[in-house]
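Reviewing the structure listed below.
The values are calculated or read from the model by the stated rules, or taken from the named source; none is laboratory data. Just so it is clear, the model here is predicted, and its values are computed rather than measured. Ideal geometry is used to build each Cβ from the backbone, glycine not excepted, and the neighbour counts take in all protein chains shown.
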Amino acid sequence: MTTTRRKGKKTQHRKVPPKFIFVVGGVMSGVGKGIASSSIAKILQARGLTVTAMKIDPYVNVDAGTMNPTEHGEVFVLQNGLETDQDMGNYERFLNIDIPDINYMTTGSVYASVIRKERNLEYGGRNVQVVPDIPAEAIRRIKNAAAVANADVTLIEVGGTVGEYENILFMEAIRMMKSETPNDVAVVMLSYLPVPGSVGEMKTKPTQHASRTLNSTGVSADFILARAPIAVDKKRREKIARFCNVKLEHVISAPDVASIYDVPLNFEKGKLSDQLCGFLGLQCSQRANLSTWKRFVRSTQTAQRPVKIAVVGKYFNSGDFVLSDVYISVLEAIKYSAYSLGLQPEISYVSSVDFEDRKNLKKLKQYDGVLIPGGFGTTGIAGKLNVIEYVRKNNIPYFGICYGMQLAVLEFAKNKARLKDASTAEINPKAAHLVIDIMEEQKEKLAQKDMGGTMRLGEYPASLKKGTIAAEAYKKRTISERHRHRYEVNPAYIQKLENKGVVFSGTSPDGTLMEIMELPQEVHPFFVGVQFHPEFHARPLDPHPLFTAFVKASFEHIT
């Protein structure tokens, strides 16, 4: 296979076919396949290769939009509006690129495609079978993603762990691709090595079992990333190599590190990019250029002056545990902006339910800034409205995202515009004053319960008003941001709200949709709400300007 790609004004012929690296999990979930995949992609990108990354979710959901956030974590929205797993956000942040929707698939989406083709007689009337047709559709998508990106290397993360029924068909896809072009496919297994406290010794047996389970699918690991609380010593690496049938140099120690952004540097220290380039016959540049990435990582370690930010959400609690993954893009966006300002972010996860009792509001005085992220439904809304009123009256910098903006408008309508019966149609569709109402094009969809993938999704432009906080932050008059919502500021109340002091500093180009609301700085140091999700554009090497403005205002609030 020979393809061409453009580099500057020259057209270069690819001397080797595109390569594919599958990342699978062993022993248990939640040990960082997404970060491992992102980090491998990063170090190969740093070697001068064109890299893209994909995620295979083994859920029957067609996309991630209908998944429970406290079970699955954040829904990340791609540029064209596809609702995906949060790992797609990691790929975009690490690679600093926008990733197309072809790079995300679920069991549900794959089956839906196969069934649609069968209904359209695209299989020529033959029997359509689970094997090989479902794995073949996954392979088609993988190769299409590589072609769309014109990638030298495509990273494919397979959700779940080896041995699960849910991902067995995707293991079959790996087997089929490996059988077809063995020199173009590498399999990396991320496996956990526990160190039981009562034993005091790192154990490799679970990884050995995971390796054999993977082998039973017809797939063998070419590389093993040995995740553990501490660095894996040579003796354990030798044992893994011997019993899992991989080369010693292909067993890479992956210990706990200070932050996820240290992982690419750790992999490069372990010469993983050298090993992958050699194994796949890739023409890599002499050394990985990670200097900019290293400067960013250094900034996370050297920042001294603290800035305390409270993120008031409704999805933090999961049983006895705190689940911060629901708002992972928001949390990371705060960090990027803080580090760029030389500040050390101290982020507190606060449940909005706690503030339904107004006596608890005084706890907010300990924070330099308060952020309310997006969400849905009625749970915790009373607490959020109390928080917004408190920070508005006490001049604590506030940043509201999506629902956080709508509730800021609602609180202002109730307490400043004196619309006591004001509400949002999401909470009380029969309220006298629906300050936040269902978008016109969404009404029929809700009536028909057409819910999956039907919100206002993806990237839309907005125009900014000169002389506002938003315009000053962006330093331009037209922006483009990603959305995920069904409700909007009701146009019937815009004039009343503006008369009382709200500034709608960002609108859709035709002026019908209110994209940004704020209070003038002479009234409040920083009170801004946005209908879109700016966190989806925040990157380690390119912090989002609105988050930076919010963090800066929060720090200046205490100095």
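Only one of Lys449, Lys445, Lys465 is within 20 Å of Val528 (Cβ to Cβ), among the basic types (Lys, Arg) and over 26 Å from the mean Cα position of the chain (by Cα). Can you tell me which?
Lys465
Just give me the residues in segment 294-310 being over 18 Å from Arg93 (Cβ atoms) and not basic (Lys, Arg), in sequence order.
Result: Gln301, Thr302, Ala303, Gln304, Pro306, Val307, Ile309, Ala310.
In the list Phe555, Phe547, Phe504, which residue meets the criterion of being closer than 30 Å to Ala447 by Cβ and either of a type outside the set (Val, Ile, Thr) or not in a helix (DSSP H, G or I) (or both)?
Answer to the check: Phe504.
Every residue in segment 225-239 that is exposed (fewer than 14 other Cβ atoms within 10 Å of the Cβ) and without any contact (Cβ under 8 Å) to a residue 24 or more places away in the chain, please.
Answer for segment 225-239, where residues must be exposed (fewer than 14 other Cβ atoms within 10 Å of the Cβ) and without any contact (Cβ under 8 Å) to a residue 24 or more places away in the chain: Lys234, Lys235, Glu238.
Kindly evaluate Ser191 against the criterion of being within 30 Å of Asp233 (Cβ to Cβ) and touching a helix residue (DSSP H, G or I) at 6+ places or on another chain (Cβ under 8 Å).
For Ser191, the condition - within 30 Å of Asp233 (Cβ to Cβ) and touching a helix residue (DSSP H, G or I) at 6+ places or on another chain (Cβ under 8 Å) - is met.
Quick grid of which residues meet (1) surrounded by fewer than 22 Cβ atoms within 10 Å (Cβ to Cβ); (2) out of contact with any Leu (no Cβ under 9 Å at 6 or more places or on another chain):
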| site | (1), (2) |
| --- | --- |
| Arg119 | yes, yes |
| Arg126 | yes, yes |
| Ile134 | yes, no |
| Ile142 | no, yes |
| Ala145 | no, yes |
| Ile156 | no, yes |
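For segment 194-211, how many residues meet the condition of being over 13 Å from Lys239 (Cβ atoms) and either touching a helix residue (DSSP H, G or I) at 6+ places or on another chain (Cβ under 6 Å) or exposed (fewer than 15 other Cβ atoms within 10 Å of the Cβ) (or both)?
Total meeting the criteria: 6.
Return a yes/no flag: does segment 450-457 have any residue that is in contact with a strand residue (DSSP E or B) (Cβ under 9 Å, 6 or more places away or on another chain), among the charged types (D, E, K, R) and crowded, with 18+ Cβ neighbours inside 10 Å.
Yes, because at least one residue in segment 450-457 is in contact with a strand residue (DSSP E or B) (Cβ under 9 Å, 6 or more places away or on another chain), among the charged types (D, E, K, R) and crowded, with 18+ Cβ neighbours inside 10 Å.
Every residue, every condition in (1) at pLDDT 80 or above; (2) crowded, with 20+ Cβ neighbours inside 10 Å; (3) closer than 15 Å to Ala146 by Cβ, yes or no:
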| position | (1), (2), (3) |
| --- | --- |
| Lys15 | no, no, no |
| Phe20 | yes, yes, yes |
| Met28 | yes, no, no |
| Lys33 | yes, yes, no |
| Ile43 | yes, yes, no |
| Arg47 | yes, yes, no |
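For segment 158-184, which positions are of a type in the set (D, E, K, R), touching a residue at least 40 places away in the same chain (Cβ under 8 Å) and either more than 17 Å from Met28 (Cα to Cα) or surrounded by 23 or more Cβ atoms within 10 Å (Cβ to Cβ) (or both)?
Residues satisfying the conditions are Glu172, Arg175, Lys178, Asp184.
In segment 481-510, what residues are under 14 Å from Arg456 (Cα atoms) and small (Gly, Ala, Ser)?
Result: Ser508, single match.
Considering only residues that are surrounded by 18 or more Cβ atoms within 10 Å (Cβ to Cβ) and in contact with a Lys or Arg (Cβ under 9 Å, 6 or more places away or on another chain), which ones fall in segment 249-264?
Residues satisfying the conditions are Val251, Ile252, Ser253, Ala254, Val263, Pro264.
Which condition from (1) touching a residue at least 12 places away in the same chain (Cβ under 8 Å); (2) outside any strand (DSSP E or B); (3) of a type outside the set (D, E, K, R); (4) under 30 Å from Lys363 (Cα atoms) is the one that Gln442 breaks?
Here Gln442 meets the rest and fails (4).
Are there any pairs, at least 6 apart or on different chains, whose C-beta atoms fall under 6 Å, with the first in segment 200-224 and closer than 14 Å to Val187 by Cα and among the aromatic types (Phe, Trp, Tyr) and the second at pLDDT 95 or above and surrounded by fewer than 23 Cβ atoms within 10 Å (Cβ to Cβ), and if so, which?
Phe223/His250
Only one of Asn96, Asn103, Asn68 is surrounded by fewer than 14 Cβ atoms within 10 Å (Cβ to Cβ) and either under 25 Å from Cys402 (Cβ atoms) or at pLDDT 95 or above (or both). Can you tell me which?
Exactly one residue qualifies, and that residue is Asn68.
Condition (residue is within 16 Å of the chain's Cα centre (by Cα) and within 18 Å of Arg539 (Cα to Cα)) applied to segment 22-35: is it met by at least one residue?
Checked against the condition, which is being within 16 Å of the chain's Cα centre (by Cα) and within 18 Å of Arg539 (Cα to Cα), segment 22-35 yields at least one hit.
Go through segment 153-186 residue by residue and tally those that are among the aromatic types (Phe, Trp, Tyr) and at pLDDT below 95.
Residues meeting the conditions: 1.
Being out of contact with any strand residue (DSSP E or B) (no Cβ under 9 Å at 6 or more places or on another chain), surrounded by fewer than 17 Cβ atoms within 10 Å (Cβ to Cβ) and under 17 Å from Ser38 (Cβ atoms) is the requirement here; does Ala288 meet it?
no
All but one of (1) closer than 21 Å to Met189 by Cβ; (2) surrounded by fewer than 13 Cβ atoms within 10 Å (Cβ to Cβ); (3) more than 27 Å from the chain's Cα centre (by Cα) hold for Val246; state the number of the condition that does not hold.
(2) is the only condition that Val246 fails.
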